[in-house]
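Structure record follows, encoded as structure tokens.
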Number of protein chains: 4
Amino acid sequence: MTQRFPIRGIIPPLATPLTRETTLDVPALWRLLDHVIGGGVHGVFLLGSTGEGPSLSGAVQRDVINEACAHVNGRVPVLVGITDSNLDESLELAEHSAKCGADAVVAAPPFYFPINQQQLGDWFISLSDASPLPVFLYNMPSHVKVSFDIATVRRLMERPNICGIKDSSAQMLYFNELLQARADRPDFLVLTGPEELLAEGVLIGGDGGVCGGANLVPRLFVDLYEAAVSGDLKQVMTLQNRVMRLSTLLYRVGPAPTGFMTGIKTALELVGLCEANFAPPLGPLPHEQRRMIAQHLADLGVLDAKGAVKRT
Amino acid sequence: MTQRFPIRGIIPPLATPLTRETTLDVPALWRLLDHVIGGGVHGVFLLGSTGEGPSLSGAVQRDVINEACAHVNGRVPVLVGITDSNLDESLELAEHSAKCGADAVVAAPPFYFPINQQQLGDWFISLSDASPLPVFLYNMPSHVKVSFDIATVRRLMERPNICGIKDSSAQMLYFNELLQARADRPDFLVLTGPEELLAEGVLIGGDGGVCGGANLVPRLFVDLYEAAVSGDLKQVMTLQNRVMRLSTLLYRVGPAPTGFMTGIKTALELVGLCEANFAPPLGPLPHEQRRMIAQHLADLGVLDAKGAVKRT
Amino acid sequence: MTQRFPIRGIIPPLATPLTRETTLDVPALWRLLDHVIGGGVHGVFLLGSTGEGPSLSGAVQRDVINEACAHVNGRVPVLVGITDSNLDESLELAEHSAKCGADAVVAAPPFYFPINQQQLGDWFISLSDASPLPVFLYNMPSHVKVSFDIATVRRLMERPNICGIKDSSAQMLYFNELLQARADRPDFLVLTGPEELLAEGVLIGGDGGVCGGANLVPRLFVDLYEAAVSGDLKQVMTLQNRVMRLSTLLYRVGPAPTGFMTGIKTALELVGLCEANFAPPLGPLPHEQRRMIAQHLADLGVLDAKGAVKRT
Amino acid sequence: MTQRFPIRGIIPPLATPLTRETTLDVPALWRLLDHVIGGGVHGVFLLGSTGEGPSLSGAVQRDVINEACAHVNGRVPVLVGITDSNLDESLELAEHSAKCGADAVVAAPPFYFPINQQQLGDWFISLSDASPLPVFLYNMPSHVKVSFDIATVRRLMERPNICGIKDSSAQMLYFNELLQARADRPDFLVLTGPEELLAEGVLIGGDGGVCGGANLVPRLFVDLYEAAVSGDLKQVMTLQNRVMRLSTLLYRVGPAPTGFMTGIKTALELVGLCEANFAPPLGPLPHEQRRMIAQHLADLGVLDAKGAVKRT
């Protein structure tokens, strides 16, 4: 059975395995889920940015939820991204997630109109009041243009159905203020988005990370999380060094600003977990860049010299 | 019969009249269409930013297209906004627009992932190749984060089904480069987004404007367009002064950054064209701000001292 | 005799001819002054951005003022840039300018600390109260991070010793608001910074431009200014096309963001007006880029096929 | 005797005590130096941003260096800010610092022209080649617009006279990359600018912090540094909580964006260390805001209920 709340630790934002026709590749989804759960992750997050949620049609989004919830089958908590620029369609996805047995939903702000903090807070109050599942705020200003001010987070913390925040701003000044704010509601969860900041986030009091790289090497991030929780700074620095190498070697091969997205999915293909097909506006990397990623996977010890996946 | 291409002049981005339940208010849509066409506009643009297109569900979007195309009935060209973060759903809207008799579609870039110019160009080539209607590029970096580089515009100009660009960047340096680029394809249309820049844009060689204020006072913008085309600088300055007063008096009452959106729709309610209902994340202005807009409409001569609409 | 105020028309921000040792090249300064005055400019602006003012030591700055004022000798008004992060040193430069017979000073905001509008306004009130010469505000947010809000401009307009603004923001929405604001003080001058926007600025009611390209081809900008003032739109478009070609051919050869600076000075060297020596942090272009600029000068008709300067 | 390199730990960016006439208040400088050295700091940094260096005239800058070096008299290392938009004047300040016995200089990039990485690197190579003292890079993009790319830092690491970097970007992703880069030159020091990030920075491997708040409460930051170095996470969180309270209570009373600057100096006045006089463009806080800071100092336990300084 799932442990449900509190959802702490490493929760990979699952890449969405796609066919060339941009439909869900169900067997690859199963493989990927088994891979990350086998690596010890504490939950999975469907249809986030790494999962290309906002680029998928409503039909494919529902397929992902159906198949993932059934296959996870309570082994770990399941979070579902419901970010949409239309409130009704966002709520329909929350309803669908609840029916499929998901544990929580995650929503970034509506992402077309630039909005102010009042409008931002009102949207999330409407959303959380109507959502059948607990709602995580998803702070992602690089994609949606607006950040949750601390005052807005405090306002939203008053709603019991808002259970935490995933902060992908990469701003530790802000993250520290989130931790300060949640002193008033200790069960409010604060998760780190960028995997390169997982260590700092947990050392200073955060609850874990939504690490894209955990699609590929879940155990590395689980180990780093545990080292940070236990205050083993020497082990933290050793593992953090591996995280930084992963980041600089894999996520900067494909062209900015989506090098992370193309890097991680190409690596997943190279280790045999899913094909590197993308929903537009993303697309596959050219051959030369794929070859570089293969080389870097060998340098990182994820592939061996012959390109075979090494047991870890 | 519609004159179709070239579509020059004043093309208001039609506000979408909504009921309190966020469904389409059909009679108000008819009124608003008759009002702007009666004011001499050269086309209408449905489901743009001013029309709250990205905040509306697919069902309401289709209602707007159905009802507006039927009611316009060929009196002026109809453009339809199909901006979406999912390519398939964008194309479905283009198909629907074609079936209803629209003349062109208008698409801003996909607006969730930050993307590069290659990805941006590829998206629009896929879109225009599949679209049954000519496509206007919609440059709106404040909302979608990416701007069409001139090199990308030149690449897209090579596709016959891409017919022009609506530039809402408010960057006249960029606008001047668009005009320079289209020397190589003279039928490529260059329209100005911000109504406060309509005059400069037309004086320097642009083809017209997608002026939100033309929902309210279409004749003012039609007159300014004609003065600029004919090089009557004195008349341009007189009318430009009225445009600037409209802008500073109406669009800064509601809170930033959506003061334009709330200002224009509240004004439309006050002159009896449609109710000031909004799709989330926007919402109605408080009473005091509505009162200020009413006062400003009187100052501008749109309403008389008793709040009644003046004949113009 | 100089006409002094109002200072309207084309006022080139004079490049500062330097030796390899970053001292003033006095004969080249004379040549350049005679070149632009011979081309019909309505004033000259020393020690602006194009003149590398903030990169020069106080000693070189004073040399420039001494020599230029003496050589101009009242033929046209002289404006002097006194931008500094230290108020006292800025005022010392204003004193020196007055002693040398300059007509006005031009100051951008202090450019180290990010400041607010209150601090910005206070600085300019201190500056203008103590300045022996009229002060032009210099709006240059790309370099100094802060822009003069319209409300701050209105506050500063109340000081008689503040005589105008040079707007290098490239934001025509803002420029239009400046024109609207100065209706309350008609002698307040509004000059355009970016030469590519000179035409729009004058057509819509501005007073002229501080065009860097006028160092090289003063007559082109003087002619464009006069065409715009007289409302000859056909001539405006012809000359504007030449301005755009100049801009795209010369100012993008050197690396961003200082391609304009290196392009214009290299062109000045190629036409024999001054050497292309720069004060750090700028430096000379590599040979290949110099060659490209020479080729482009031929394409533009500034040099002939043998690289000789053509009479214009 | 001073320990000189490596300079690790807490190095306050010393506030510059000024008279009302913007001259140096020498006795207050002595008091402040004795206060921070008595609090256990590991060095002092003169003429940084907190010291209003770029707002001071060359004469006052030299006074600060003279008096501070003489008074410190080798008790701790002295670093001097030499940031200037003119290279020669920056180097003159480095010469003066060397003569006075300072240990190192600290330079932010030239801060008027936006520059590229090549120009940025070239400037620092010129500067470090000519500087008689070791040079710290000062990464301060919010003030100078450009950040040192990691590749530029790697280029500059090759110069022995460049001894480290003070990173005030507040970007921990970047900070982590600095730590990764210095693996190739282990004696290259990496110091944290924002005091709210001191803990994370040291926990992940950084060398200390240039904490403005250490002007007021040096012992708090020294204790936090030592707790982080020793991996005492419980103590880190306790002290970090105090740092966050200090930050949110003192630095947001004065208007943005200089609330930190006005907050810290007003607090220094209230505890009797120096008067809250500022060089333009900064200025004193109004009475009401001063009263709030006094109240907050009591809340923080820095002042007692009667406004007297508490012994700590």
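Worth a mention:
- Any chance B:PHE175 is farther than 26 Å from B:ILE264 by Cβ and either surrounded by 21 or more Cβ atoms within 10 Å (Cβ to Cβ) or not hydrophobic (A, V, I, L, M, F, W, C) (or both): no
- Residue match in segment B:289-297 (condition: aliphatic (A, V, I, L, M) and out of contact with any Ser or Thr (no Cβ under 9 Å at 6 or more places or on another chain)): yes
- Considering segment A:234-252, and only residues there that are surrounded by fewer than 21 Cβ atoms within 10 Å (Cβ to Cβ) and touching a Gly at 6+ places or on another chain (Cβ under 7 Å), the residue that is farthest from the other protein chains (Cβ to nearest Cβ) turns out to be A:ARG252.
- If the condition is being open to solvent by less than 30 Å² (accessible area, probe 1.4 Å) and among the aliphatic types (A, V, I, L, M), then segment C:253-277 contributes C:VAL253, C:MET261, C:ILE264, C:ALA267, C:LEU268, C:VAL271, C:LEU273, C:ALA276.
- Per-region count, segment C:88-99, residues open to solvent by 20 Å² or more (accessible area, probe 1.4 Å) and either over 21 Å from C:THR16 (Cα atoms) or within 14 Å of chain D (Cβ to nearest Cβ) (or both): 4
- Subset of segment B:87-112 [free of Cβ contacts under 8 Å to residues at least 12 places away in the same chain and more than 19 Å from B:LEU46 (Cα to Cα)]: B:ASP88
- Pairs where the first residue, in segment D:150-167, is in contact (Cβ under 8 Å) with a residue 60 or more places away in the chain and the second is among the hydroxyl-bearing types (Ser, Thr, Tyr) and open to solvent by less than 50 Å² (accessible area, probe 1.4 Å), C-beta under 9 Å, 6+ apart: D:LYS166/D:TYR138; D:LYS166/D:THR192
- Scanning segment C:278-299 for residues that are within 14 Å of another protein chain (Cβ to nearest Cβ) and either in contact (Cβ under 8 Å) with a residue 24 or more places away in the chain or open to solvent by less than 20 Å² (accessible area, probe 1.4 Å) (or both) turns up C:PHE278, C:ALA279, C:PRO280, C:PRO281, C:LEU282, C:LEU285, C:GLN289.
- Count of residues meeting criterion [out of contact with any Cys (no Cβ under 9 Å at 6 or more places or on another chain) and farther than 18 Å from C:ASP149 by Cα] in segment C:162-195: 1
- Count of segment A:1-36 residues which are free of Cβ contacts under 8 Å to residues at least 60 places away in the same chain and among the aliphatic types (A, V, I, L, M): 3
- Among the conditions (1) more than 21 Å from the chain's Cα centre (by Cα); (2) open to solvent by less than 10 Å² (accessible area, probe 1.4 Å), A:ILE125 misses just one, which is (2).
- Condition check for C:VAL26: away from chain D (no Cβ under 14 Å), buried (at least 24 other Cβ atoms within 10 Å of the Cβ) and modelled with pLDDT of 95 or more: no
- Yes/no for D:GLY201 being over 14 Å from the mean Cα position of the chain (by Cα), at positive phi and in contact (Cβ under 8 Å) with a residue 12 or more places away in the chain: no
- Inside segment C:211-237, residues that are within 26 Å of B:LEU198 (Cβ to Cβ) and among the aliphatic types (A, V, I, L, M) make up a count of 7.
- In the condition set (1) under 13 Å from the mean Cα position of the chain (by Cα); (2) closer than 25 Å to A:ASP88 by Cβ; (3) surrounded by fewer than 24 Cβ atoms within 10 Å (Cβ to Cβ), B:GLY9 is compliant with all but (2).
- So D:ASP84, is it at the interface with chain C (Cβ under 10 Å from one of its Cβ atoms), open to solvent by 30 Å² or more (accessible area, probe 1.4 Å), more than 17 Å from D:PHE5 (Cβ to Cβ) and not in a helix (DSSP H, G or I): yes
- Residue check, A:ASP84 within 15 Å of A:ASN139 (Cα to Cα) and either at pLDDT below 95 or of a type in the set (Asp, Glu) (or both): yes
- Residue match in segment C:208-218 (condition: within 11 Å of chain B (Cβ to nearest Cβ) and closer than 24 Å to B:ALA227 by Cα): no
- The requirement of being free of Cβ contacts under 8 Å to residues at least 12 places away in the same chain and either out of contact with any strand residue (DSSP E or B) (no Cβ under 8 Å at 6 or more places or on another chain) or farther than 20 Å from A:GLY259 by Cα (or both) is fulfilled nowhere in segment B:128-143; no residue meets it.
- C:PRO54 meets the conditions (1) more than 9 Å from every other protein chain (Cβ to nearest Cβ); (2) touching a Phe, Trp or Tyr at 6+ places or on another chain (Cβ under 7 Å) in every case but one. The failed one is (1).
- Of everything in segment D:183-207 that is over 19 Å from A:LEU179 (Cβ atoms) and within 10 Å of chain A (Cβ to nearest Cβ), the residue that is most open to solvent (accessible area, probe 1.4 Å) is D:ALA183.
- For segment D:29-41, the candidate set comprises residues that are surrounded by 19 or more Cβ atoms within 10 Å (Cβ to Cβ) and either within 14 Å of chain C (Cβ to nearest Cβ) or not hydrophobic (A, V, I, L, M, F, W, C) (or both); within that set, the residue that is farthest from D:GLY81 (Cα to Cα) is D:GLY39.
- Residues located in segment A:183-193, provided they are part of a strand (DSSP E or B) and over 14 Å from the mean Cα position of the chain (by Cα): A:LEU189
- For D:VAL229, the test of being within 16 Å of the chain's Cα centre (by Cα), modelled with pLDDT of 95 or more and over 30 Å from C:LYS145 (Cα atoms) is failed.
- When C:ARG219 is tested against (1) within 23 Å of C:ALA15 (Cβ to Cβ); (2) buried (at least 17 other Cβ atoms within 10 Å of the Cβ); (3) among the basic types (Lys, Arg), just one condition goes unmet, and that condition is (2).
The values are calculated or read from the model by the stated rules, or taken from the named source; none is laboratory data. Values in this document were obtained by computation on a predicted structure and should not be read as measured data. In this analysis, Cβ positions are derived from the backbone assuming ideal geometry, glycine residues included, and neighbour counts consider all displayed protein chains. Ligands, DNA and RNA are excluded from the accessible area calculation, which covers all protein heavy atoms including side chains. Shrake-Rupley method; radii C 1.70, N 1.55, O 1.52, S 1.80 Å.
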